[in-house]
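Here the structure comes first, spelled out in structure tokens, and everything after it is commentary.
The values are calculated or read from the model by the stated rules, or taken from the named source; none is laboratory data. What you see is a predicted model; the values in this text were computed from it and never measured. Here the Cβ positions follow ideal geometry from the backbone for every residue, glycine too, while neighbour counts run over all protein chains shown.
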């Protein structure tokens with residue numbers, strides 16, 4: 001993985017010193033709350049319902065076991081002993097005290113980590129494919145491009161006060177595992193030398209799929225991103241927070257006009273210093289050297305026998321093990337979804353355990369997935385069974401990747417000051433109701449996403465089933481949406497009708513699943529049946545009996 | 001009000017700031033008028049002849065391209081100031097960048113308005129030379145903070161615009 005050079009380290013250390021000074025001035029009354037707000041936000045610090053919330057960057061989701069141990073240390077020393085992995089591949093702490101945040105940032109800097117630009121109106125932490133470097137369908141490794149964007153965007157002086165937040169994703173595989181069309185800007189590899197830029201996607205109050213902007217050479221990617229941001233910075237709306245994202249600007253101008261504005265800027269402003277030369281590209285690429293190159297000893301026969309003998313292991317391999325492009329290796333998803341666990345949460349002890357597994361089984365590195373799970377990317381197939389036994393003992397082997405109970409949920413009203421409704425009790429109710437593993441496996445691929453408010457951190461717009469918390473006269477209600485999808489066939493979900501009380505939601509979902517089971521053709525997934533059968537049949541089932549309940 | 005430069009040094013400023021449409025044409029009799037560009041738009045190309053030392057200011061909501069076109073050769077101006085209504089208004093940084101790089105402005109570029117210590121480092125890197133700090137953020141402590149803020153970083157990822165200590169190339 002990427003290792004800091006002295007420049008990276010100096011910048012991060014100096015950022016800690018800068019924020020320490022700013023925090024001290026705020027606590028001494030020299031900075032008002034209004035003046036301090038953008039400074040703390042761009043260091044990852046929100047003021048939330050219970051306490052400040054600190055969001056720490058995991059650049060494109062990749063980290064070392066040493067960094068995971070630091071997360072555990074921070075959870076113990078400064079928080080309440082746990083952390084929450086997010087849909088943007090970051091980690092959030094819900095209970096730090098404001099005055100300790102500079103110390104937390106200093107601890108993070110000691111392991112090449114930071115919280116820079118994880119919130120605020122700036123370019124946020126760049127996200128990418130959690131199977132980068134190992135996926136069979138990979139065109140090229142997305143991480144060097146993601147790292148170059150990280151460097152270019154970090155403390156970029158021109159774009160520290162954008163109209164609104166700006167999220168960038170990088171995908172470089174045939175299948176899109178980054179939800180790229182739901183980003184303000186996405187960069188997609190067509191080959192190692194040609195990249196497609198997408199612009200103007202996003203969720204939130206007005207979900208819009210990104211539009212194709214232009215196919216450009218690798219050398220010019222940063223130059224085009226800079227010109228896009230300049231046009232957005234100057235012309236994006238600043239009068240209304242709900243209309244300030246780039247998607248609104250692109251929609252208002254039209255993609256053609258937007259493109260020609262950016263082209264005019266690029267023609268006048270592009271400079272050679274921004275070019276990603278072969279030299280700099282190869283220098284960045286050289287950081288990813290420890291992906292296994294050689295085929296591991298063939299263990300196919302042994303694995304097949306173990307799967308035949310052990311139903312639970314077989315299911316786990318089927319669902320939570322992802323094919324590695326190097327034969328003899330596999331990527332393993334550590335599930336952070338189970339009844340009794342808030343989706344994406346891990347305790348400090350679990351983080352230490354996971355770090356240990358990374359060291360033992362996967363070259364000391366791991367990933368955060370945007371489905372709020374963790375991934376060991378380079379596990380020798382011969383060790384899968386041993387790892388599975390350890391995961392099972394620790395409660396992190398639910399074989400549910402891609403299934404209903406791999407549900408995604410934001411922290412919701414229990415923690416977040418923005419939320420209209422709580423997400424976690426509903427997630428728990430659904431996890432408990434659908435705890436029958438045979439039934440959930442029979443349902444097959446199904447994405448369920450819960451957001452506690454319109455900001456859509458739980459990505460409800462792209463769930464096959466989406467749930468959105470709404471506020472009705474101070475009470476929590478939940479809208480149900482159907483038909484969203486991420487990936488290469490992205491689509492936005494539609495609201496089926498009036499919202500439900502929390503206790504009605506699991507039943508409504510169960511009845512809609514009955515419709516699917518009754519109507520599905522051989523091999524047809526929920527989303528496909530929904531697209532074929534249409535919304536009315538599902539809607540009728542959802543509202544049936546809901547009054548009797 | 002106090003003005004400092006990008007190195008944190010105090011700058012004596014003889015400039016007299018004329019509010020938008022405050023006193024039409026009043027600036028003509030001033031030695032160092034700093035006038036809103038639209039108030040002088042018909043004479044902008046000849047401004048140096050009308051007042052030996054004349055500067056203009058623009059708002060962050062103004063179209064910088066329109067401004068540059070109206071001026072013609074921006075280097076006829078000895079001072080361009082950008083008035084930022086709110087410190088979080090990041091348009092000022094793109095305006096500075098465009099004036100420096102697209103229009104080749106080499107004269108003094110000044111930030112005025114809601115200007116405080118913690119934005120100086122990025123605005124300096126976006127091409128600004130001088131900063132007139134907000135009235136209530138100009139006391140001894142605030143000035144010391146501003147000077148300190150300007151030196152917060154010794155390294156950077158992005159290429160330089162002007163007057164910076166060290167360029168850093170990627171990777």
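Restricting attention to the stretch A:137-164 and to residues that are away from chain B (no Cβ under 14 Å) and surrounded by fewer than 24 Cβ atoms within 10 Å (Cβ to Cβ), the residue that is nearest to residue A:89 (Cα to Cα) turns out to be A:141.
Being buried (at least 24 other Cβ atoms within 10 Å of the Cβ) and either in contact with a strand residue (DSSP E or B) (Cβ under 7 Å, 6 or more places away or on another chain) or farther than 23 Å from residue A:344 by Cα (or both): is that true of residue A:101 here? Break it down into steps so the answer makes sense when it comes.
Details: buried (at least 24 other Cβ atoms within 10 Å of the Cβ): no; either in contact with a strand residue (DSSP E or B) (Cβ under 7 Å, 6 or more places away or on another chain) or farther than 23 Å from residue A:344 by Cα (or both): yes.
So residue A:101 does not fit the description; no.
Each row is one residue, and each column tells you yes or no for (1) farther than 30 Å from residue A:38 by Cα; (2) over 15 Å from the mean Cα position of the chain (by Cα); (3) within 11 Å of another protein chain (Cβ to nearest Cβ).
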{"residue": "B:57", "(1), (2), (3)": "no, no, no"}
{"residue": "B:77", "(1), (2), (3)": "yes, no, no"}
{"residue": "B:83", "(1), (2), (3)": "no, no, no"}
{"residue": "B:87", "(1), (2), (3)": "no, no, yes"}
{"residue": "B:92", "(1), (2), (3)": "no, no, yes"}
{"residue": "B:99", "(1), (2), (3)": "no, no, no"}
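Looking at residue B:106, is it more than 7 Å from chain A (Cβ to nearest Cβ) and either under 24 Å from residue B:78 (Cα atoms) or in contact (Cβ under 8 Å) with a residue 40 or more places away in the chain (or both)? Taking the combined requirement at face value, the residue satisfies it.
For residue B:111, state whether it is more than 8 Å from chain A (Cβ to nearest Cβ) and not in a loop (DSSP other than H, G, I, E, B). Show your work before the answer.
Details: more than 8 Å from chain A (Cβ to nearest Cβ): yes; not in a loop (DSSP other than H, G, I, E, B): yes.
Considered against the rule, which asks whether it is more than 8 Å from chain A (Cβ to nearest Cβ) and not in a loop (DSSP other than H, G, I, E, B), residue B:111 comes out as yes.
Filtered by the rule that a residue be over 19 Å from residue A:153 (Cβ atoms) and surrounded by fewer than 21 Cβ atoms within 10 Å (Cβ to Cβ), the stretch A:33-64 gives A:33, A:34, A:35, A:36, A:37, A:47, A:48, A:49, A:50, A:51, A:52, A:64.
How about the stretch A:65-82: which of its residues are surrounded by fewer than 23 Cβ atoms within 10 Å (Cβ to Cβ), closer than 23 Å to residue A:127 by Cβ and in contact with a strand residue (DSSP E or B) (Cβ under 6 Å, 6 or more places away or on another chain)? Across the stretch A:65-82, the qualifying residue is only A:82. Those residues that are more than 7 Å from every other protein chain (Cβ to nearest Cβ), surrounded by 16 or more Cβ atoms within 10 Å (Cβ to Cβ) and farther than 13 Å from residue A:193 by Cα, I need them from the stretch A:275-287; list them, please. Selection gives A:285 alone. Scan the stretch A:264-274 for residues that are at the interface with another protein chain (Cβ under 9 Å from one of its Cβ atoms), under 17 Å from residue A:149 (Cβ atoms) and buried (at least 16 other Cβ atoms within 10 Å of the Cβ) and the total you get is 1.
Counting only residues that are part of a helix (DSSP H, G or I) and either in contact (Cβ under 8 Å) with a residue 60 or more places away in the chain or surrounded by fewer than 19 Cβ atoms within 10 Å (Cβ to Cβ) (or both), how many does the stretch A:477-525 have? Before you say what the answer is, go through the steps one by one.
The initial filter retains those residues of the stretch A:477-525 that are part of a helix (DSSP H, G or I), namely A:502-519.
This time we only want the ones that are either in contact (Cβ under 8 Å) with a residue 60 or more places away in the chain or surrounded by fewer than 19 Cβ atoms within 10 Å (Cβ to Cβ) (or both), so: A:502-503, A:505-507, A:509-511, A:513-514, A:516-519.
Adding up the residues that qualify gives 14.
Being at pLDDT 95 or above, under 19 Å from residue A:463 (Cα atoms) and part of a loop (DSSP other than H, G, I, E, B): is that true of residue A:528 here?
On the way: at pLDDT 95 or above: yes; under 19 Å from residue A:463 (Cα atoms): yes; part of a loop (DSSP other than H, G, I, E, B): no.
So residue A:528 does not fit the description; no.
Reported count of residues in the stretch B:127-166, each being exposed (fewer than 15 other Cβ atoms within 10 Å of the Cβ), modelled with pLDDT of 85 or more and assigned to a loop (DSSP other than H, G, I, E, B), is 3. Looking only at residues of the stretch A:213-241 that are touching a helix residue (DSSP H, G or I) at 6+ places or on another chain (Cβ under 8 Å) and in a strand (DSSP E or B), we find that the one that is nearest to residue A:270 (Cα to Cα) is A:216. Consider residue A:167 carefully, then state whether it is within 30 Å of residue B:85 (Cβ to Cβ), surrounded by fewer than 23 Cβ atoms within 10 Å (Cβ to Cβ) and modelled with pLDDT of 95 or more. Criteria met by residue A:167. Taking the stretch A:444-455 as the range and being closer than 13 Å to residue A:411 by Cβ and in a loop (DSSP other than H, G, I, E, B) as the test, the residues that pass are A:452, A:453, A:455.
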